[in-house]
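Notes follow once the structure below has been shown.
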Amino acid sequence: LELKGLTKVFRNYGTETVAVEAFDLRVEKGQFVTLLGPSGCGKTTTLRMIAGFEIPTSGKIILDGADVTNEPPNKRNISMVFQSYALFPHMTVEENIAFGLRIKKLPNFEVKQKVKWIMEIVGLIGLEKRRPEQLSGGQQQRVALARSLVVEPSVLLLDEPLSNLDAKLREQMRIEIKRIQKELDITTVYVTHDQIEAMSMSDLVVVMNGGRIMQIGNPFEIYSKP
Ligand code: ADP
Ligand code: ADP
C-alpha cells in the first residue's frame, strides 16, 4: 500500500479544515503500521481515504500496484473495523461473519468453510448462534475482526479498535490482534492515540500532528527520540 502526497481539505460553511496534508507512506506486505497522534490530527480521515469513504482533495492511493484513488470502497480489496464494531444486531455471529462472502455470492459450502476457518483463528468457536447483544465486548470485537478478515483483504484498517474496552481487556485484545495479524500475515494500518498500543504492536509508527507526519520509524526509533 502506498500513499503519495495524500491531502484532504474539508470545506464547510465557508471554513476550510486541512485534515491531512502531503501524507507519504509506503506499507509493505505483512507490515503493521500505526498512525499515532492526538484527537483531530487526521488519523481517521487518512484511514477513511484508504478505505474509499473519503475522496482525497489531492494525492494518490496505490494498492497492489494499481491506482485506486478514485475507486469506490467495494472495488478496493480493503477491510475496515470501526470503533463501534457496527455488527448487525439481528444476525447471529456466523451470519455477521458470512455477510461479506454472501455479497460476493460465494457458494454455500465455501461460505461455511471460510467462516469456520476464521472463527477458529480469532477464537469464536462455540458462539456461532449468538447475537451480538449476547456477547462480551472482547467477543464482539473478535466478530468484527472475523467479518473483516474472512474476505481475505490485502489491507486491514483498524480505527481505535480498543477504545471501548476496559483496561484489562484492552491488554488482552492487543495481544490477540497482534497474534491474528501475524498468523494471517495481513498488512495492517492501525489508528490510535495510545502510545503503549503503538509501541507494543507496530513494525512502523507514524506520529501525526495537524494533518502532517511529524516522525516515522520503528517503535525503538520513535521511543528514543525526545
Ligand atoms: P483524528 O482521527 O486524528 O481524531 P480526524 O481525521 O477525525 O482526526 O479529523 C482531522 C481534522 O479534520 C479535525 O480538525 C476534524 O474536525 C476535521 N474533520 C474530519 N472530518 C471532517 C468533516 N467531514 N468535515 C469537516 N471537518 C472534518
Ligand atoms: P475519531 O475519534 O475517530 O477521530 P471523530 O469524532 O473525529 O472520531 O469523527 C467521527 C466522524 O465524524 C468521522 O466520520 C469524521 O469524518 C466526522 N467528523 C469529524 N469531525 C468533523 C467535523 N468537524 N465536521 C463534520 N464531520 C466531522
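Work out how much length His90 to Leu106 would gain on full extension: take 0.36 nm times their residue separation and subtract the Cα-Cα distance, in nm to one decimal.
3.6 nm
Quick one: what are the phi-derived ³J(HN,Hα) couplings along region 183-196, Karplus 6.51/-1.76/1.60 with θ = phi - 60°, whole Hz, x for glycine and proline?
Once θ is set to phi - 60°, the couplings for region 183-196 become 4, 8, 6, 8, 4, 10, 10, 10, 10, 7, 9, 9, 4, 5 Hz.
Quickly work out the Lys75-to-Val9 label distance, labels modelled 7 Å from Cα along the C-beta direction, and quote it in nm with one decimal.
Distance between the two pseudo-spin positions: 2.5 nm.
How far apart, in nanometres, would the label points at Lys29 and Asn218 be if each is projected 7 angstrom from Cα along the Cα-to-Cβ direction?
So the two model labels end up 2.1 nm from each other.
Sticking with the crude label model, points 7 Å out along Cα→Cβ, report the distance from Val18 to Glu120 in nm, one decimal please.
With each label point 7 Å from Cα toward Cβ, the separation is 5.2 nm.
Using a ≥ b ≥ c from the Cα gyration tensor of region 1-90 (square roots of the eigenvalues), is it rounded, prolate or oblate, where a/c under 1.5 gives rounded and otherwise the larger of a/b and b/c decides, a/b for prolate?
Details: a/c = 1.41, a/b = 1.09, b/c = 1.30.
Verdict is rounded for region 1-90.
Choose one of Ser84, Leu101, Val68: the residue whose Cα lies farthest towards the positive end of the charge dipole of region 53-130 (beta-carbon charges +1 Lys, Arg; -1 Asp, Glu; about the Cα centre).
Of the listed residues, the answer is Leu101.
Let me confirm the definition first: pairs of Lys residues in region 66-200, 8 or more apart or on different chains, C-alpha distance under 27 Å. How many are there?
Close lysine pairs under the 27 Å cut-off: 28.
What's log10 of I(q)/I(0) for region 26-172 at q = 0.10 Å⁻¹, Debye sum over Cα points only, no solvent?
After summing over all Cα pairs, the log10 values are -0.38.
What is the mean projected area of the alpha carbon convex hull for region 89-148, to one decimal in square nanometres?
Projected area, direction-averaged: 3.7 nm².
Which order do Thr187, Thr15 take when ranked by solvent-accessible area (1.4 Å probe, heavy atoms of all protein chains), largest first?
Thr15, Thr187
So what J values fall out for region 48-61 if you push phi through Karplus, 6.51 cos²θ - 1.76 cosθ + 1.60 with θ = phi - 60°, rounded to Hz, Gly and Pro as x?
5, 6, 4, 6, x, 7, 10, 8, x, 5, 7, x, 9, 10
Using a cut-off of 12 Å between beta-carbons, work out the net charge of the residues near Thr34 (Lys and Arg +1, Asp and Glu -1, Thr34 not included).
Within the 12 Å Cβ shell, the charges total -2.
By its C-alpha gyration tensor, with a ≥ b ≥ c as the square roots of the eigenvalues, how is region 103-226 shaped: rounded for a/c under 1.5, else prolate for a/b larger than b/c, else oblate? Walk me through the intermediate numbers first.
Working: a/c = 2.50, a/b = 1.80, b/c = 1.39.
Prolate shape, in that a/c is at least 1.5 and a/b is the bigger ratio.
With a 10 Å cut-off between alpha carbons and a GNM built on the chain, which of Asp185, Asp166, Asp194 moves the most?
Asp166
Near the amide H of Asn209, under 5 Å away, which other amide H atoms are found, from residues 5 or more places off or on another chain, if H is placed in the peptide plane?
Amide H to amide H, under 5 Å and 5 or more residues apart or across chains, Asn209 pairs with Met214.
If the only charges are +1 at each Lys and Arg Cβ and -1 at each Asp and Glu Cβ, what is the size of the charge dipole of the chain around the Cα centre, to the nearest 20 debye?
420 debye
Could you tell me whether region 126-189 comes out rounded, prolate or oblate from its Cα gyration tensor? Rule is a ≥ b ≥ c as square roots of the eigenvalues, rounded for a/c under 1.5, then prolate if a/b exceeds b/c, otherwise oblate.
Oblate shape, in that a/c is at least 1.5 and b/c is the bigger or equal ratio.
Rounded to the nearest 500 deg cm²/dmol, what is the calculated helix-only ellipticity per residue at 222 nm for the chain, with -39500 (n - 2.57) per DSSP H run of length n ≥ 4?
-10500 deg cm²/dmol
Where does the longest stretch of the chain lie that holds no trypsin sites (Lys or Arg not before Pro) found in a DSSP loop with 14 or fewer other Cβ atoms within 10 Å?
130-226
Mean-square fluctuation check for the chain, GNM, Cα pairs under 10 Å: which of Gly137, Gly59, Gly14 is largest?
Maximum among the listed residues: Gly14.
How far, in nm, would the chain grow between Asp67 and Asn164 when pulled straight, counting 0.36 nm per residue and subtracting the alpha carbon separation?
Length gained between Asp67 and Asn164: 31.5 nm.
The values are calculated or read from the model by the stated rules, or taken from the named source; none is laboratory data. This is a predicted model, so every value here is computed, not measured. Because the Cβ atoms are built from the backbone with ideal geometry, glycine has one as well, and the counts that use them run over all protein chains shown. Areas reflect the complete protein model, heavy atoms only, side chains present, ligands, DNA and RNA absent. Shrake-Rupley method; radii C 1.70, N 1.55, O 1.52, S 1.80 Å.
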